[in-house]
Amino acid sequence: MPKVYFSRRSRRAPAHVLDIEIDRRTPQKSWRQLARERGYTYFGRDPHNRGNVYLRCSACANLMYVHTHVLRTAKPECTACWLADMAREAAAAGLEFVERHPTDSHRGIYRAPCGHLLDRQRGFIQRVVLGEVDVRCSECFEGSVAALAHDQGWELVGLSGQGNPEYRKLRHQCGHEQDIAIGNLRTQRFTCNGCGGSWAAEPSFLYLCQFDLPGSQGSFVKLGMSRNPTSRLRYQLGITADIQARILQEISMESGSAALRTEKRLHGVLRAELPHCVVPPSELNWIGVVSEVYRIEALPRIQALLAELSQPHSEN
Ligand SMILES: [Zn+2]
Ligand SMILES: [Zn+2]
Ligand SMILES: [Zn+2]
């Protein structure tokens with residue numbers, strides 16, 4: 001039970017609802033006045049720690065616990081009012097405020113309409129509310145860039161090494177890596193400096209490989225296309241030595257563009273049939289790709305799809 005020390009004058013105070021001990025005996029007059037000037041009502045003192053006092057926020061009636069030093073030297077910030085302001089600003093920006101940033105009081109953690117969490121400056125959210133900037137989910141954005149690149153035979157490796165936010169480092173099906181502007185990717189105004197675009201007409205492969213991660217991290221499969229799956233597996237995926245990787249299957253295709261077309265169709269089937277097996281980019285920190293990786297449970301279905309491809313089209 002809470003234990004409250006009342007002065008005769010403050011006997012009606014509702015401190016009994018609080019599970020804390022508060023010394024409500026008459027404070028120094030200057031503290032009452034100081035609290036009022038800061039936007040609070042002086043409520044009482046911590047009987048166990050005489051340096052701390054309780055203040056009631058005049059705006060929201062929330063009870064605050066602050067050191068007298070803070071009360072003397074600055075305007076204490078009411079946590080309840082701050083949280084309410086953050087939530088209001090977030091809603092006005094089309095987001096949901098989730099929680100305060102663990103280390104930076106000028107930032108917050110927000111949930112975007114897509115469900116992803118965003119770590120943003122509070123000032124940025126305020127500018128979104130004013131219509132000065134747009135808020136964009138980086139995870140969805142990178143996913144859309146990866147999809148765009150993939151459709152053209154490229155794979156998103158990551159941000160450009162030059163640090164230009166308009167560029168991404170991409171890896172071509174031929175194995176060549178190159179920085180390409182996102183704008184050029186959209187308009188398809190670029191060619192591969194490695195192969196000059198010849199991969200599209202040259203023979204290629206669909207491949208299926210399995211990765212066994214150490215410990216209890218599980219096994220995964222990747223379905224992709226490459227002119228040289230072995231080299232792709234060994235040198236281009238950026239996996240560490242403690243991950244076991246092996247190619248389960250390779251199917252030769254007459255051209256890079258045919259391989260790409262087929263691969264795209266298969267990924268569509270898998271995403272639709274086995275959405276729970278699609279590994280999200282946030283879990284792909286062990287491999288240098290952001291998509292095309294599935295949980296091991298998808299393996300039988302992928303093998304069945306590949307078996308259909310290898311079969312002669314007898315029904316025609
Ligand atoms: Zn308040
Ligand atoms: Zn998102
Ligand atoms: Zn190329």
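The values are calculated or read from the model by the stated rules, or taken from the named source; none is laboratory data. Since this is a predicted model, take the numbers as computed values, not measurements. Virtual Cβ from ideal backbone geometry, glycine too; neighbours counted across all protein chains shown. Protein only, heavy atoms only, side chains kept; ligands, DNA and RNA dropped before computing areas. Shrake-Rupley method; radii C 1.70, N 1.55, O 1.52, S 1.80 Å.
Details
- Applying the criterion of at least 3 residues that are open to solvent by 40 Å² or more (accessible area, probe 1.4 Å) and either at pLDDT 95 or above or away from ligand 1 (no atom under 15 Å from the Cβ) (or both) to the strands (runs of 3 or more DSSP E) found wholly in the stretch 29-144 leaves 96-100, 117-121.
Table: residues versus (1) within 16 Å of ligand 2 (Cβ to nearest atom); (2) in contact with a Phe, Trp or Tyr (Cβ under 9 Å, 6 or more places away or on another chain).
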position: ARG50; (1), (2): no, no
position: LEU55; (1), (2): no, yes
position: SER58; (1), (2): no, yes
position: TYR65; (1), (2): no, yes
position: HIS101; (1), (2): no, no
position: GLY115; (1), (2): yes, no
position: GLY123; (1), (2): no, no
position: VAL128; (1), (2): yes, no
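- Checked against the criterion of being within 16 Å of ligand 3 (Cβ to nearest atom) and either out of contact with any Gly (no Cβ under 6 Å at 6 or more places or on another chain) or assigned by TED's automatic domain parsing to the domain that holds MET86 (or both), the stretch 112-135 contains not a single residue that satisfies it.
- Residue within the stretch 157-179 that is within 21 Å of the chain's Cα centre (by Cα), within 16 Å of ligand 2 (Cβ to nearest atom) and among the hydrophobic types (A, V, I, L, M, F, W, C) present: no
- Taking (1) in contact with a Gly (Cβ under 7 Å, 6 or more places away or on another chain); (2) more than 22 Å from GLY158 (Cα to Cα); (3) surrounded by fewer than 17 Cβ atoms within 10 Å (Cβ to Cβ) in turn, THR191 satisfies each apart from (2).
- A count restricted to the stretch 145-160 and to residues that are of a type in the set (A, V, I, L, M) and open to solvent by 60 Å² or more (accessible area, probe 1.4 Å) stands at 1.
- From GLY163, GLY183, residue being free of Cβ contacts under 8 Å to residues at least 40 places away in the same chain, open to solvent by 40 Å² or more (accessible area, probe 1.4 Å), assigned to a loop (DSSP other than H, G, I, E, B) and more than 30 Å from HIS276 (Cα to Cα): GLY163
- The stretch 194-204, subset small (Gly, Ala, Ser) and more than 8 Å from ligand 3 (Cβ to nearest atom), residue surrounded by the most Cβ atoms within 10 Å (Cβ to Cβ): SER204
- Screening TYR207 on (1) surrounded by fewer than 20 Cβ atoms within 10 Å (Cβ to Cβ); (2) modelled with pLDDT of 85 or more shows it passes everything except condition (1).
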